[in-house]
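Structure first, then comments.
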Amino acid sequence: MLTPDQSKQFELIPYRFRKSNEYIAAEADAIGFLRNVLPKIRYFPPAGGWGLDYQAIAVLVDFVRNSLEPPTILELGSGISTLWIRAALKEYNPHGRIISMEEDEKFLSEMEAKIEYYSLTNFGSLLHSPLADMTISNTNYNWYDSSVLPHELSINALLIDGPITGGTSRDRYPAVPRLFSRLEPESIVIFDDTNRAIEKEISNEWLRDFEGLSLLFSLHGSTVYIKRG
């Protein structure tokens, strides 16, 4: 006979299995979409793990594909998403650009090599942006040195996938306070890892404190917002 604790764990198994299947199905749909809209691309390394899920990548690729004007995308933390977005710009919006901020100089060099290998060098820039201490509302954070950004930069899509925190700090919080004024009307924001408690808390605070920022939809591991007006 199962103990009460064992019974509780047993009851959770079907739910977890179902949620796992839902995630796999959503990722498969996103991969199918990407292969359909970008049929000419070469094989990219797999997403997932520390990288952005295919669902979020598909949202960004679709945004690039349907942008009437050349978009400017700012990415906090480079990775597999950098390659997919550059490929979408090359195919659908070659006058657009992606600016990727990366704190890890070694990883940045590896990304530069991948971008060159896939012939995607003309569609943006990789910026080494070391983490620096900053204070917002009497709270200390370790966030990107944003002085590397062009002074007049306006953003049509913002991807927040860094700094790397492992879900143990609030160091991604400054992204919206620091960059909100640069977001163009109808721009989108994608915040990765909002299935984690700290990121979910940050998300709720942004929605509460920044008028004009609205929830667009939630993915399995990310949240998508839109800036109105």
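Considered as a group, the residues in the stretch 150-193 that are among the hydroxyl-bearing types (Ser, Thr, Tyr) and within 22 Å of Gln55 (Cβ to Cβ) include one that is modelled with the highest pLDDT, and that residue is Ser187. Please indicate, with yes or no, whether at least one residue in the stretch 72-87 is surrounded by fewer than 21 Cβ atoms within 10 Å (Cβ to Cβ) and either among the polar types (S, T, N, Q) or in contact with a strand residue (DSSP E or B) (Cβ under 9 Å, 6 or more places away or on another chain) (or both). No. The residue pairs whose first member lies in the stretch 190-210 and is more than 15 Å from Lys227 (Cβ to Cβ), whose second member is in a helix (DSSP H, G or I) and among the small types (Gly, Ala, Ser), and whose beta carbons are closer than 6 Å, counting only pairs six or more residues apart or on different chains, are Thr194/Ser203. When the stretch 47-60 is filtered for residues that are more than 9 Å from Ala30 (Cβ to Cβ) and at pLDDT 95 or above, only Leu60 remains.
When each of Phe107, Phe44 is tested for being at pLDDT below 95, surrounded by fewer than 21 Cβ atoms within 10 Å (Cβ to Cβ), more than 24 Å from Leu183 (Cβ to Cβ) and touching a Ser or Thr at 6+ places or on another chain (Cβ under 8 Å), the lone residue that passes is Phe107.
Evaluating Tyr141 against the criteria (1) out of contact with any helix residue (DSSP H, G or I) (no Cβ under 8 Å at 6 or more places or on another chain); (2) surrounded by fewer than 16 Cβ atoms within 10 Å (Cβ to Cβ) leaves one unmet condition, (2).
Conditions tested, residue by residue: (1) surrounded by fewer than 22 Cβ atoms within 10 Å (Cβ to Cβ); (2) more than 16 Å from the chain's Cα centre (by Cα); (3) of a type in the set (D, E, K, R).
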{"site": "Leu158", "(1), (2), (3)": "no, no, no"}
{"site": "Pro163", "(1), (2), (3)": "no, no, no"}
{"site": "Arg172", "(1), (2), (3)": "no, no, yes"}
{"site": "Val176", "(1), (2), (3)": "no, no, no"}
{"site": "Leu215", "(1), (2), (3)": "yes, no, no"}
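If you go through the stretch 104-121, how many residues are more than 12 Å from Leu83 (Cα to Cα) and in a loop (DSSP other than H, G, I, E, B)? So the count comes out to 1.
The values are calculated or read from the model by the stated rules, or taken from the named source; none is laboratory data. Values in this document were obtained by computation on a predicted structure and should not be read as measured data. Note that we place each Cβ from the backbone using ideal geometry, even for glycine, and neighbour counts take in every protein chain shown.
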